[in-house]
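The values are calculated or read from the model by the stated rules, or taken from the named source; none is laboratory data. Note that this is a predicted model, so its numbers are computed, not measured. Glycine gets a Cβ as well: all are built from the backbone with ideal geometry, and neighbour counts include every protein chain shown. Heavy atoms of the whole protein, side chains included, go into the accessibility calculation; ligands, DNA and RNA do not. Shrake-Rupley method; radii C 1.70, N 1.55, O 1.52, S 1.80 Å.
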Amino acid sequence: MGTALIYDEEMTKYKLLWVDPACKIEVPERLTVSYEALVRSGLSDRCVSIPPREATDAEILLAHSEEYLEAVKKTPYMTLEDLKEFTLQYGDVYFHPNIYHCAKLAAGSALQLVDSVMTGKVRNGIALVRPPGHHSMRSAANGFCVFNNVAIAAQYAKQKHGVKRVLIVDWDIHHGQGVQYCFEDDPSVLYYSWHRYEHQKFWPNLRESDYDSVGKGNGAGFNVNVPWNKVGMENSDYLSIFCHVLLPVAYEFCPDLVLVCAGFDSAIGDPEGEMCATPDIFAHLTHLLMNLAGGKLCAVLEGGYNLTSLPQSVCQTVQTLLGDPLPQPAGLRSPCKSALESLQCVRSAHRRYWSFLKHAANQPSTDISTKRIKLANEEEGKTEMAVEERAAEIKEWPEPPERPSPPVRCASLLPEDVACPDGLKLFSSSKDLHPLLASKLQNGADDQDALITVSRLYAMIEKMLTNEIGSGLVLISDISAAMMGALQDLPSDLVDRVLVVCVGKEKDLNYLTTDGKMLFVQISDEDKEKEKNKYFIPVSLKKGCSDTAGFIQAVLGLLLPLAYEYDPTLVLLVRTPGSGVDDSMWQQLIGLLLGFAKGHTLVLMQTNEKVHVGPTASALLGRPAPPLLELQTLDQEDGEALERLRERLQTDWKMLQTTSEGTE
Ligand SMILES: NCCCNCCCCCS
Ligand SMILES: [Zn+2]
């Protein structure tokens, strides 16, 4: 199934007709440079082009009042003076004779996208629209927005397609207060937004944009605000918030549709955001959402005002929607203190609503809300430029890296009697021993067969690292022997950093290393004594890998942050016999791990578990994992044990931090 692209140059045919410094950045070129970049890169040809349509009155009234719609209807016939007059009643927005038409097309584009995804015509898609939508409210235009495209789309998806739970992820750098107001008492729509806030000193300066606005009444817990109280936030800050707040809540919410308020003013170079996250981060943010809701994801453009980083970010997003390999995340480091403060506040505000956050630490002593009050009391403009703000002055960043698809998406080494699933290519390697193993043969290694197997593994790994092969699936008769053979003094010129994810028991792990060439993460029911090796992470779940809630929490809260920080060049995923992991969870894990090492994940399974070859192949080929069934709540003891493990590891692994304690 493909990726929809919705764009029409009609939506470029309105602009600011008078002088207004607050609005001059919202120009038609935003759309043309984005679309032209998709055309130039060949990405638009790989998408399914879907035409926009005008939203009907009834559809617009899903999120707006009649009087507001009637008022906007009059704008095409207004003189310039009337338009200026009409605009004055709203904030930071402008009207134009053609903006009503474009606003209907923008909302209609979002609806076309929802229809295309919900009817299975495409898997996912993006709508390049203007005017944006997330600031517009029931009876007011605001922040360049006229109709709330994504809010209308969410209501429409529920009403027309019977969607039960909609997740809205707003990665625009502004708080989409219009979306928050629309759904704050609605438990069927989870609204998640991060936004530049600076303790309420940044536009739209709303008290209710802070982390303690968690939703109202039945909607309590279904509104998640992450305030950025400093500029200059980087990739690490964005990813740690996703891993420690958004993803656990999103998986527990278990949506059947994901809508993205895809604003790119959160990228480096943007005059509004003044952040430092690079455009390739949107490849990862998109990827992390693509295994929710069976892959049904609709991205709708919101903001983005730097005409260089905007098209780059759009291309990174579309390339991921199309299933291309991800770039290795550029030089991650520890989240900054301010981000950790926000992280801790959001997690503690939501711990009572989400079982995955139940073990989160309390609000920090120096609570950032007191800073909000103090700063609000200071007279304007006294805050001198902090060091982070100077960081935002940097406006240079590298072109996002190429992301070529390997000629063979997935290769497999299977015994003769196991059929090769469609899409997998049988790996043919020369029968002679891999040169790296010849030495082992000399000191009289006993088991010839094991050596041949390892030799073919090494050959496949080599072809993955030269990007001739994307991922690999290997069935072997004895998985322990194969791991021993392959990992025992792993040849350093074969691979320099391999992440081994072992699902299930594995008795003797005496090939572990402490030099960092291998990070070994094991999820099982074995309670290993306190490990002292930074590169061996035993995660134990009382009920083992069949406990989906515990498993997903271990993956999201521990494995993902570790993998981002470790940044492997190869991922080796081992499923040991009798692990008990269920196939949909297994597919979720594969989907998430494909985001690392440019998609070079090698799966090892035992031949007597060949029943799992189909689901494994499907996930390795990039097909979305089926939605996890309603997750049972996280086991109390497991939750506490995972939290203790995270606390113990966070000194060595900065991406595991979730509180600001102990940071300088
Ligand atoms: N700096 C001037 C304050 C107005 N800024 C409005 C930004 C609207 C963004 C929509 S994504
Ligand atoms: Zn914005």
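One table, with the values for the structure above:
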| read-out | value |
| --- | --- |
| Whole-Hz ³J(HN,Hα) from phi, Karplus 6.51 cos²θ - 1.76 cosθ + 1.60, for the range 208-218, glycine and proline x | 7, 8, 6, 5, 8, 7, 9, x, 10, x, 5 |
| R0 of 25 Å, Cβ-Cβ distance Asp449-Thr514: FRET efficiency to nearest 0.05 | 0.25 |
| Cα-based convex hull, the chain, per residue volume (Å³, whole number) | 148 |
| Whole-Hz ³J(HN,Hα) from phi, Karplus 6.51 cos²θ - 1.76 cosθ + 1.60, for the range 185-194, glycine and proline x | 10, 10, x, 8, 10, 9, 9, 10, 9, 10 |
| Contour excess over end-to-end distance, with Cα ends at Ser41 and Ser65 and 0.36 nm allotted per residue | 4.5 nm |
| Carbon plus sulfur fraction of accessible area for the chain, probe 1.4 Å, in percent | 52 |
| Stretchable slack from Thr651 to Arg138, in nm (0.36 nm times residue separation minus alpha-carbon distance) | 180.0 nm |
| Cα-projected label distance for Ala220 with Met1, points at 7 Å along beta-carbon direction, nm | 3.7 |
| Qualifying chymotrypsin sites (Phe, Trp or Tyr not before Pro) in the range 1-60, DSSP loop, other Cβ atoms within 10 Å at most 15 | Trp18 |
| Label-to-label distance, nm, for residues given as Glu81 and Tyr353 (7 Å Cα→Cβ offset) | 4.9 |
| In range of the label at Glu396: residues from the range 259-275 whose backbone nitrogen is under 15 Å from the point 7 Å along Cα→Cβ | 269 |
| In order through the range 25-40: 3J(HN,Hα) via Karplus (6.51 cos²θ - 1.76 cosθ + 1.60), integer Hz, x for Gly, Pro | 6, 8, 10, x, 4, 3, 6, 5, 5, 6, 5, 5, 5, 5, 5, 4 |
| Residue (of Phe427, Pro227, Phe183) at the positive-pole extreme of the chain, dipole from beta-carbon charges | Phe427 |
| Charge context of Glu302, other residues only, Cβ under 13 angstrom, K/R +1, D/E -1 | -4 |
| Farthest positive-ward along the range 546-664 dipole, Cα basis, beta-carbon charges - from Thr616, Ser660, Pro561 | Thr616 |
| The range 224-367 shape via C-alpha gyration tensor axes, a/c threshold 1.5 | oblate |
| Residues with amide H under 5 Å from that of Val226, placed H, sequence gap 5 or more | Ser193, Trp194, His195 |
| The range 570-635 and the range 179-230: distance between their alpha carbon centers, rounded to Å | 34 |
| The range 408-656 - charge dipole about Cα centre, Lys and Arg +1 at Cβ, Asp and Glu -1, debye rounded to 20 | 540 |
| Net +/- balance of residues flanking Phe144 in space, Cβ distance below 13 Å, scoring K and R +1, D and E -1 | -3 |
| The range 461-510 versus the range 282-320: alpha-carbon centroid distance in Å | 32 |
| The range 408-656 pair-distance distribution - Cα-Cα, 10 Å bins, rounded % | 7, 32, 38, 18, 4, 0 |
| Accessible surface, per residue, of the chain when the full set of protein chains is kept, probe 1.4 Å, Å² | 36 |
| Amide H partners (placed H, <5 Å) of Val603, local residues excluded | Gly472, Leu473, Val474, Leu573 |
| Extension gain from Glu416 to Thr663, taking 0.36 nm per residue of separation minus the Cα-Cα distance | 83.4 nm |
| 29 Å Cα-Cα reach of Lys230 towards lysines, excluding residues that sit fewer than 8 places from it in its own chain | Lys24, Lys201, Lys216, Lys337, Lys358, Lys371, Lys374, Lys382, Lys395, Lys654 |
| Computed magnitude of the charge dipole of the chain (debye, nearest 20; Cβ of K, R +1, Cβ of D, E -1) | 620 |
| Approximate spin-label separation Asp583-Ser546, in nm, with each point projected 7 Å along Cα-to-Cβ | 1.7 |
| Amide N proximity, the range 73-107 versus Lys160 label position 7 Å along Cα-to-Cβ, cut-off under 15 Å | 104-107 |
| Sum of -39500 (n - 2.57) over DSSP H runs of 4+, divided by residues of the chain (222 nm, nearest 500) | -10000 deg cm²/dmol |
